[in-house]
Structures are given as structure tokens and as C-alpha cells.
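Structure record follows, encoded as C-alpha cells.
The values are calculated or read from the model by the stated rules, or taken from the named source; none is laboratory data. Model, not experiment: these values are computed from the prediction. Glycine gets a Cβ as well: all are built from the backbone with ideal geometry, and neighbour counts include every protein chain shown. Protein only, heavy atoms only, side chains kept; ligands, DNA and RNA dropped before computing areas. Shrake-Rupley method; radii C 1.70, N 1.55, O 1.52, S 1.80 Å.
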Amino acid sequence: MATQAHPAPLTVGFDLDMTLIDSRPGIRAAYRALAAETGTHIDADLAVTRLGPPLDEELAHWFPKERIPEMADRYREIYPTHAIAPSLAMPGAREAVAAVQARGGRAIVVTAKHEPNAKLHLSHLGIEADAVIGWLWAEAKAEALREHGATVYVGDHIGDVRGARTAGALSVAVPTGPCGPDELRAEGADVVLGDLTDFPK
């Protein structure tokens, strides 16, 4: 007697910064602490308007190339002290993750952020992802999306759209970060929501 194959559970990937969490207050505080410690001018208010790409890209605006690895390490060291508590959940974030899980699916977080710090944010805010994968940006996010069988990826940046498309996943975008709806659609987002409060619908 042939056994019936069961379909794999739905897996939805979510970006972290400006998709699930508003990390701007925390990142602003971490940059200000790094500036004070190093005596280097960093426009923290400007830096938080362009969240998404890897940390090294932002640090390149403020430090010479040879100092970037050292400064990136130091930023990640001081980050938990300054950035976790001030950062907030985005509207609808908990509900979006819970909606996937309530349907028997898995909700994973795929982010360019340092993975231990990403996990600290989620734990602090009570957002219970089934897996957290860090250090991946744009097309590289497809690695984790494919590995976990994600068929949907939700993000706020055109880099997230590219990651979803590279993975062959449905790209769901929210214009809650630095990229507007038209820019996200032009990059190839399949669905653009107002924010995550629209996701469970």
C-alpha cells in the first residue's frame, strides 16, 4: 500500500530591522556610543535612515578602510548594552509571526545583522521565531531561505526583494524602512503591504 506524502509545512522568512523591529533608537544609541568612545564624528541620525545593508557599508562613511573590521567588532560588542532595550517591535510583527505558526507553519528570521544580537532583540521583544539566521544580505539571503524551504520572504528593503527572488520565494514587502512602495515594486516585489498589520489578512 502506497504511503501518502505529506506536504512540507509553510515556511515564511522575515527580515529583522525595520520589518519586525524598529531598531532605529537602539542603533542610533550604539553609533553615538561608538562615536564618543573613538572621538570620530558619526551622524547617527543619518545612519539610521539607511538601515538594511551590512554594518561595514555604513562604517565606511565614517572610518578609513583599514579601521572598519576593528570598528565593526567594537560596535557589535557594545551593541547589546545600548541597542536592545530602546528598540521596539514594529506594528503587527508579533501577530505576523504568530499567524504563520497558528497555521502550522514555521517563521524564520533571515537578517544581515550579527546573529547573536538579532536573537537578543527577538528575545527581548517576545517574538518567537523558529530559526534565526544572521550575516546574510540581499541575494545571499537566498542561501538560508532555500535551506529552510521558505516559499515567502517578507522585508522592507530592495535587498530583501532580491533575496526572495533569488530564492524563488514570493516577495512580500513593507515600506516601513528606507524604501518606498514604488521602489519595492520596481525591484520586483510580488506584494506590497502598508505594514505588517496587513500580513495576517
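Summary of values
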{"quantity": "Within the accessible area of the stretch 20-143 (1.4 Å probe), percent carbon and sulfur", "calculated": "52"}
{"quantity": "Which of V154, A107, M18, positive extreme of dipole for the chain (C-beta unit charges)", "calculated": "A107"}
{"quantity": "For the stretch 38-53, 3J(HN,Hα) per residue [Karplus equation, 6.51 cos²θ - 1.76 cosθ + 1.60, θ = phi - 60°, Hz, x = Gly/Pro]", "calculated": "9, x, 9, 5, 10, 7, 5, 5, 6, 4, 6, 7, 10, 5, x, x"}
{"quantity": "Helical contribution to [θ] at 222 nm, DSSP H n ≥ 4, -39,500 (n - 2.57), averaged over the chain, rounded to 500", "calculated": "-12000 deg cm²/dmol"}
{"quantity": "Solvent-accessible area per residue, Å², over the chain with all protein chains present [probe radius 1.4 Å]", "calculated": "47"}
{"quantity": "Projected-area mean, the stretch 32-79, by convex hull of Cα positions, square nanometres", "calculated": "3.1"}
{"quantity": "Cubic angstrom per residue, convex hull over Cα atoms of the stretch 76-163", "calculated": "95"}
{"quantity": "For the stretch 1-98, diffusion coefficient by Stokes-Einstein and Kirkwood Rh (Cα), 10 °C, 1.306 mPa s, µm²/s", "calculated": "102"}
{"quantity": "Separation in nanometres of the label points that stand 7 Å from Cα toward Cβ, at D73 and A140", "calculated": "1.8"}
{"quantity": "Estimated distance in nm for a label pair at R103 and A131, the labels positioned 7 Å out from Cα along Cα-to-Cβ", "calculated": "1.9"}
{"quantity": "For the stretch 22-113, size of Cβ-based charge dipole, Lys and Arg +1, Asp and Glu -1, in debye", "calculated": "400"}
{"quantity": "DSSP-defined antiparallel bridges as percent of all bridges, the chain, nearest 5", "calculated": "10"}
{"quantity": "Cα convex hull of the chain, projected area averaged across orientations, nm²", "calculated": "12.2"}
{"quantity": "Relative contact order of the chain, pairs being alpha-carbon contacts under 8 Å that are 6 or more residues apart, as %", "calculated": "25"}
{"quantity": "In nm, spacing of pseudo-spin labels at D198 and D182 (7 Å Cα→C-beta vector)", "calculated": "1.7"}
